[in-house]
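Student: There's a structure below that I have some questions on.
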Amino acid sequence: MSESNSTSENASFEQIGEVLHKHQSFVLISHVRPDGDAIGSQLALGFSLIAAGKSVRLINEDGLPDNLAFMAGAKKIELPPTEPLDVEVAIALDTATKPRLGDNALHAASKAKIWLNIDHHVSNPKYGDLNLIDSTSPATGQILYQLLTALNLPFPDETRDAIYVAVSTDTGSFQYPSTTAKTYEMAADLVRRGLDVGTINSSTYDNHPYRRVELMRALLNTLELSPDGLVANWELRDETRLDLALLPEDSEGLIDIIRAIRGVLLAVFFEELVDGKIRVSMRSKDRRINVSDIALEFGGGGHALAAGIRMKGPLDEAKPLVLAAIRRRIAEIGI
Ligand code: 5GP
Ligand code: MN
């Protein structure tokens with residue numbers, strides 16, 4: 001089916017279940033620079049399908065990040081093969097737009113006859129043949145929990161643990177306002193199913209390479225606060241990345257440090273990428289400032305309180321453009 005056939009309606013769990021049941025071979029893909037929800041969603045659904053006897057490949061444009069290598073079954077995550085895979089169904093997980101799956105991953109999945117799109121980004125244009133988009137869900141992992149339990153699909157330990165990591169990392173450890181009673185009920189059920197809370201949290205959060213703390217020191221040296229105290233930002237330049245031999249995942253979550261400053265409503269992280277582009281990460285603490293809307297002005301996207309952009313460099317040109325857009329938004333709201 002072509003993308004023009006996609007409807008604005010969500011598929012039901014039963015419709016998704018029928019596709020999973022009827023077909024034998026699947027490729028599951030998540031977004032470039034994958035985070036815990038991306039990899040967690042792949043492992044959660046992937047290991048359920050494997051337990052159901054299906055043939056499953058899990059690919060990611062950038063492969064498995066080092067910080068998620070502790071996850072059970074993580075070795076199943078592969079870089080995209082150069083030849084297209086012989087699979088019937090491709091499933092995009094946690095990926096707001098199709099291009100964010102990456103060129104190589106899209107090529108590897110190009111023989112798939114059916115595309116499923118399961119995600120929680122409000123900006124997702126429903127690019128699948130069947131779509132399951134729930135922007136009220138704090139993580140794609142929670143949508144998958146609901147899908148798998150509703151359909152009575154296999155729920156092996158890898159799936160249980162992966163769902164926990166997906167939701168924990170996308171909610172800032174069950175803290176963000178998107179965390180609901182459903183989320184805690186789900187977590188309780190995962191613990192009842194045998195999840196080892198202490199071990200999994202320690203592997204997720206107390207397991208950083210030393211260079212990540214050195215990165216924190218370097219970032220603090222670039223910290224800026226706007227005169228009214230509403231906007232905090234810091235930046236990571238090529239020089240620091242090379243000096244500290246950083247990996248892309250080393251900066252994951254560090255923005256929460258400046259987001260946590262009292263009085264700050266908006267935290268911004270600017271980063272020079274290897275390809276010369278600039279990555280902008282934004283966090284809002286105020287529902288009136290929708291950072292997804294600000295990101296959209298520059299071709300990015302995300303959620304109301306957490307969004308990102310990849311834009312043209314150099315940093316010294318990109319930064320004032322984004323900060324000006326933020327100031328316009330603050331002025332419009334009249335804060
Ligand atoms: P982060 O700041 O953690 O990289 O991303 C925050 C949120 O914004 C995530 O949900 C992520 O998917 C989304 N996001 C980050 N960068 C981009 C981007 O370049 N384009 C789009 N569409 N979404 C992004
Ligand atoms: Mn997510």
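The values are calculated or read from the model by the stated rules, or taken from the named source; none is laboratory data. Bear in mind the structure is a predicted one, so any value in this text is a computation, not a measurement. All Cβ positions, glycine included, derive from the backbone under ideal geometry; neighbour counts span all protein chains shown. The area values use the complete protein model at the heavy-atom level, side chains included, leaving out ligands, DNA and RNA. Shrake-Rupley method; radii C 1.70, N 1.55, O 1.52, S 1.80 Å.
Student: What do you get for the angle between helix 210-220 and the principal long axis of the chain? Use alpha-carbon atoms, 0 to 90 degrees, nearest ten.
Tutor: Approximately 40 degrees, to the nearest 10.
Student: Under a crude label model (7 Å from the Cα following the beta-carbon direction), how far is ARG193 from ASP316 in nanometres?
Tutor: With each label placed 7 Å out from Cα toward Cβ, I get 5.3 nm.
Student: Right, something else. Probe radius 1.4 Å, ligands and nucleic acids left out: which of THR240, THR183 has the largest accessible area, and how do the rest follow?
Tutor: Details: THR240 35, THR183 0 Å².
So, going from the largest accessible area down, we get THR240, THR183.
Student: Still on this model: For each pair in LYS76/LYS111; LYS54/LYS113; LYS76/LYS285; LYS75/LYS111, compute the distance between the two Cα atoms and list the pairs where it is over 27 Å.
Tutor: From LYS76/LYS111; LYS54/LYS113; LYS76/LYS285; LYS75/LYS111, over 27 Å: LYS76/LYS285.
Student: Sticking with this structure for a sec: Once you place label points 7 Å from the Cα toward the Cβ at ASP293 and GLU14, how far apart are they in nm?
Tutor: Label at ASP293, label at GLU14, 3.9 nm between them.
Student: Using the basic label-point model (7 angstrom from Cα toward the beta carbon), what is the SER173 to ALA324 distance in nanometres?
Tutor: Here the modelled spin labels are 4.0 nm apart.
Student: Right, here's the next one. Express in nm, to one decimal, how much length is gained between ALA245 and ILE335 on full extension, taking 0.36 nm for each residue of separation and deducting their alpha carbon distance.
Tutor: 28.4 nm
Student: In whole angstrom, how far apart do the alpha carbon centroids of the range 237-259 and the range 103-168 sit?
Tutor: The range 237-259 and the range 103-168 have Cα centres separated by 28 Å.
Student: DSSP loop (so not H, G, I, E, B), at most 16 other Cβ within 10 Å: list which trypsin sites (Lys or Arg not before Pro) in the range 157-225 pass both filters.
Tutor: Numbers: sites: ARG160, LYS182, ARG192, ARG193, ARG211, ARG212, ARG217; in loops: ARG193.
In loop regions of the range 157-225 (DSSP not H, G, I, E or B), the sparsely surrounded trypsin sites (Lys or Arg not before Pro) are ARG193.
Student: Can you give me the angle between helix 13-22 and the longest principal axis of the chain, using Cα atoms only, in degrees from 0 to 90, rounded to the nearest 10?
Tutor: With rounding to tens, the tilt is 60 degrees.
Student: VAL274 accessible area, nearest 10 Å², 1.4 Å probe?
Tutor: Accessible area of VAL274: about 130 Å².
Student: Mind checking the range 265-325 for trypsin sites (Lys or Arg not before Pro) that DSSP puts in a loop (not H, G, I, E or B) and that have at most 10 other Cβ atoms within 10 Å?
Tutor: The qualifying sites are ARG287.
Student: Using only the alpha-carbon atoms, how far is helix 36-51 inclined from the longest principal axis of the chain? Give it as 0 to 90 degrees, nearest 10.
Tutor: With rounding to tens, the tilt is 10 degrees.
Student: A follow-up question, please. Quick check for you: with a 1.4 Å probe and neighbouring chains kept, what is the accessible area per residue of the range 3-205, in Å²?
Tutor: About 40 Å² of surface per residue is accessible.
Student: Now for a separate question. On the accessible surface of the chain, probed at 1.4 Å, how many percent belong to carbon and sulfur atoms?
Tutor: Working: 7720 of 14910 Å².
C and S fraction of accessible area: 52 percent.
Student: Give the residue list of GluC sites (Glu not before Pro) in the range 265-335 that are DSSP loop and have at most 16 other beta-carbon atoms within 10 angstrom.
Tutor: Details: sites: GLU271, GLU272, GLU297, GLU317, GLU332; in loops: GLU297.
Those satisfying the criteria are GLU297.
Student: If you don't mind, there's one more thing I want to ask. Ignoring everything but the protein chains, give the 1.4 Å probe accessible area of THR180 in square angstrom, nearest 10.
Tutor: We get 60 Å² for THR180.
Student: Same structure again: If we count every other residue with Cβ under 15 angstrom of GLU158's Cβ, Lys/Arg +1 and Asp/Glu -1, where does the sum land?
Tutor: Around GLU158, the charge tally is +2.
Student: Give me the Å³ per residue figure for the convex hull around the C-alpha atoms of the range 211-333.
Tutor: Working: hull volume 11.9 nm³, N = 123.
Hull volume over Cα atoms, normalised by residue count, gives 97 Å³.
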